[in-house]
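First the structure, in the form of structure tokens, and then the observations on it.
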Amino acid sequence: MRDAANAAELAAVLKKFRVQAGLSQQALAERAEISVQAVSALERGYRKAPYHVTLERIADALGLSPEAREELEHSARRSRGPRLTVHSPAPTHNLPRKLTSLFGRDDAVREIAGLVETTPLVSIVGTGGIGKTRVATEVGMRLLNRFPHGVWFVELAPVSDAMAVPRAVARALHLQESPQRPPLETLFAYLAEKRLLIILDNCEHVISEARTIAGSLLRECPSVALLTTSREGLNVTGEQIYRIPPLTFPQNGVPSPDDAAKYGAVALFVNRVRATDLRFEVTVENVRSVVEICRRLDGLPLALELAAARASVLSPEEISDRLDGVFDLLTGDREASITRHGTMRAAIDWSYGLLSSQAQLLFDRLAAFSGGFTLETAMAVCANDDVRPQDVLESLSSLVAQSLVMANFTLGTTRYHMLEVTRQYALERLTERGERGRLGHRHTLALLQVAVRLDRDWYAASERSWFREAEAELDNFRAALRWSLEERNDLRSGCLLAGALARLWYSLSPVEGRRWVRLAIDSITETTRADEIAQLYIADAELCGALAESAASLASAESALRLRSMLDDLQVARAEHAAGSALTAIGKGSKGEALLQKVLVTAERLENRRLKALALSDLGTACSRRGDVEGARRFYADALALYASLGLERPAASIAGHLAEVEFEAGEAAAALERAEEARTGHAATRNRRSEAADLSNMAAYLVALDCFEDARAYAVQALEAARDVRTPVLSAYVLQHFAAMAALQGRKLEQAATLLGFVDARLTSLGARRDFTERQEHERAIAVLKSTFREQLEKLMALGAQWSDEAAATAALEL
């Protein structure tokens, strides 16, 4: 009762002085630069203890004499009453209510919150739909107790007039405008001694006015902190930009359901799907589709939420299959509750409309690139009379600043890329302009130049930088091959491109590379030059060799050599190298070694040390195949020394794998296992998945030979997964043989083991592949056991396996 009486005394005194001054509550609020709600609360007795600075402003506004001022302050002190414990008032805020959980942003929220506490202006920058607003509000909630005068959210998206920005800030702070002073002056006066956080959300369309306000607030209000969200930074002194990345998702392969759920993009998608299906889980059956959705949508939160909204009528696999028409898919009835933009198209429309006409034109043309581009390739493809080469950098900088193009500085040479959703939008615009065909042609020619240069530099370039550049352009090469060969828009350029990329495909994906090369061969016409035809056959021979399909490799190499008069010495050496390697693999060692010796002579004449190392390595393999262990060791050692001097890690790791085979043939299975692990480590470090699969397969075979079946099976499982990842059928067949041999030698499921071995025999025969010593001795051991068990029935069981599909064989192997 006493507190109420004291509050009534303050209310009465304040009202008395206000009436004496002839002021309304609103007029007093404007003079005191406080809210009218605050004056009303004091006069009604709802607010018992005004801040001292507030009381001083009221006294100044009323023009009180010293005696009247003392009376007002005395009534305020009585209203506050004796305080044994000082309780800080709960911080005030107007942050939007959280309707959904935030996923994958713990690090960003923590880092931004730390910046806000130490930096006067932090700008969260990112593309539309990346989740800037959601992160900003979460930061605001986390910092409520750090700002005694509150955290205030200013939504600028609805503001169409730049001059209305200061009024929007004032409204968020519950300030009344005064006709006697500009809104900015009212803000400065009110905020001069306040310690609070203002969040300016979506500044990009009023960027100039937001920049002015932010800069002024930083100068005039030293205790005010600012957090902004925008497609671009404000470019104000003292600003710290935080560029928010997409949510994380698995970059390669298909993880287990449990591992997949640890990624932010997957967690968000699953959570939003559960809004319509509470029982939804990531399973072994759907994990591939869920991961593919997250990859195709680049971890973009808005896109993932819109895709998840489709889960009420489509399965994850069906959603994934429809992502080529992303703007048709990412619309629906629930969008209004997901985002103010409503659709992904509206989100990008918002940014596109803020661009200059020249930046819009460059943006549309950049859709020709798939997987990224450099400034040089952007100039080569996009520049013409409308966009001069010297203007590309300026327009590109604008697109990066507004988060429509991402820049990556970690690869040595700066690379740029669009998120896939953004690229599809630009592709639509490019089609509307009628430029898609012309840009496809220019893109193919630009990528052909890159491929020819990479092919030329193969023997002399730094291995790491060569692969870094080649892998970065992989998606662009694919796009150019599709446009030129599959769509038959420029067959000659497509043939040249397919032939120039043989070395890249050899290391990264020989199955895919051979498909492109054979499509090019099928596109040969009577006008195709003989040297270009020969180059395609050389490429096919090398890629078949990488797949251990030796008969096919030999046939293509011989086709190239029939055109030797059209080739230079290096091309002839490449064809002879492929032919020599294939001949030794199919049991014609003397002919093969003779060709490899010719390659060695050519390499020395051309002073091409990498070609020389290749020839030495394959001569070592030829020795190994005919049982000359010491000769193999000698050639391999010479090759390894050359690779080491050239700094070539990939082939050096392969030499370790070859030496493992030599040790095993010499009867040293334990030493072979150690060498193979050395090779596997090197191949894993250089991301050579195909060779790593071969190492794992060999390690399984060595362990089978040592009767360490449990460890052998573990390696065989890994080898099968890797071999199927890189789609290497010969290697996959060898791994399946390991499973059959393990079962046979352990006396388990012998009928299934015999049938599986029949599949392996038929598969290798169809591929024209022969077993080397490692697989041959294992096969002989397994057949001996199976023959002693089944006798004349063995042939029937194996014939049954010869009819199996690859999938049936793999399933049977894993069940053994």
Cβ charges +1 (Lys, Arg) and -1 (Asp, Glu), total dipole of the chain, debye: 1840
How far is it, in nm, from the label point at A551 to the one at A784 when both lie 7 Å from their Cα along the line to the Cβ? 2.9
If packing is taken as the average number of other Cβ atoms within 10 Å across a peptide's residues, how do 757-763, 183-189 rank, most packed first? 757-763, 183-189
Using only protein heavy atoms and a 1.4 Å probe, report how much of T133 is accessible, in Å² to the nearest 10. 40
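Cα-based Rg of the stretch 492-637 per 2.2 N^0.38 Å, rounded to two decimals?
Compactness ratio reported: 1.03.
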Within the stretch 667-705, backbone nitrogen closer than 15 Å to the virtual label 7 Å beyond the Cα of D725 toward Cβ: 680-697
Inter-centroid distance (Cα atoms) of the stretch 533-550 relative to the stretch 351-385, Å: 37
Nearest-5 percent of antiparallel DSSP beta bridges in the chain? 15
Greater than 28 Å separation of Cα atoms is the criterion. Which listed pairs, K262/K749; K98/K262; K591/K796; K98/K194; K132/K262, meet it? K262/K749; K591/K796
Extension gain (nm, one decimal) between T92 and H74, 0.36 nm per residue minus Cα-Cα: 3.8 nm
Would you please put 665-676, 275-286, 546-557 in order of how densely packed they are, using the mean number of other Cβ atoms within 10 angstrom per residue and starting with the highest? 546-557, 665-676, 275-286
Taking the full set of protein chains and a 1.4 angstrom probe, give the accessible area of Y715 in square angstrom, rounded to the nearest 10. 60
Extension gain (nm, one decimal) between E56 and D258, 0.36 nm per residue minus Cα-Cα: 66.6 nm
Other residues with Cβ under 12 Å from the Cβ of V392 give, with Lys and Arg +1 and Asp and Glu -1, a net charge of -2
Inter-label distance for F773 and S40, nm, one decimal - labels placed 7 Å from Cα along Cα-to-Cβ: 9.5
Judged on accessible area alone, 1.4 Å probe, highest first, H577, H683, H658 line up as H658, H577, H683
Which peptide among 774-780, 731-737, 749-755, 427-433 comes first, and what is the full order, when sorted by highest mean count of other Cβ atoms within 10 Å? 731-737, 749-755, 774-780, 427-433
How large, in percent, is the carbon and sulfur part of the accessible surface of the stretch 515-603 at a probe radius of 1.4 Å? 54
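So what's the net charge close to S732: Lys and Arg +1, Asp and Glu -1, counting the other residues with Cβ under 13 Å from its Cβ?
-2
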Reachable lysines from K16, Cα under 20 Å, same-chain residues fewer than 8 places away excluded? K48
Here the Cα Rg-to-2.2 N^0.38 Å ratio for the stretch 578-680 is 1.03
With all protein chains modelled, accessible area of I244 [1.4 Å, Å²]: 10
Label R181 and Q793 with points 7 Å out from Cα along Cα→Cβ: what is the distance between them in nm? 10.1
Please work out the average accessible area per residue across the chain, using the 1.4 Å probe convention, and give it in Å². 44
Given H placed on each backbone N at 1.01 Å, which residues far from I241 in sequence or on other chains put an amide H within less than 5 Å of it? S123
Tell me, what is the percent relative contact order of the chain, built from C-alpha pairs under 8 Å that lie six or more residues apart? 6
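Is the stretch 548-600 rounded, prolate or oblate when judged by the Cα gyration tensor, a ≥ b ≥ c being the square roots of its eigenvalues, rounded requiring a/c under 1.5 and prolate requiring a/b larger than b/c?
Working: a/c = 2.42, a/b = 1.40, b/c = 1.73.
Judged from the Cα gyration tensor, the stretch 548-600 comes out oblate (a/c at least 1.5, b/c at or above a/b).
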Rounded to the nearest Å, the spacing of the alpha-carbon centers of the stretch 555-617 and the stretch 478-521 is 23
Under the 0.36 nm per residue contour assumption, what length would be gained going from the current alpha-carbon distance of R464 and V511 to full extension? 14.7 nm
Let me check something: with ligands and nucleic acids excluded, how do W516, W458 order by accessible area (1.4 Å probe), largest to smallest? W458, W516
For the chain, projected area of the alpha-carbon convex hull averaged over all directions, nm²: 45.6
Sort R310, R482 by heavy-atom solvent-accessible area, probe 1.4 angstrom, most to least. R482, R310
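The values are calculated or read from the model by the stated rules, or taken from the named source; none is laboratory data. Treat the numbers as computed from the prediction; the structure is a model and nothing was measured. As a convention, Cβ positions derive from the backbone with ideal geometry for all residues, glycine included, and neighbour counts pool all protein chains shown. Accessible surface areas use protein heavy atoms only, side chains included; no ligands, DNA or RNA. Shrake-Rupley method; radii C 1.70, N 1.55, O 1.52, S 1.80 Å.
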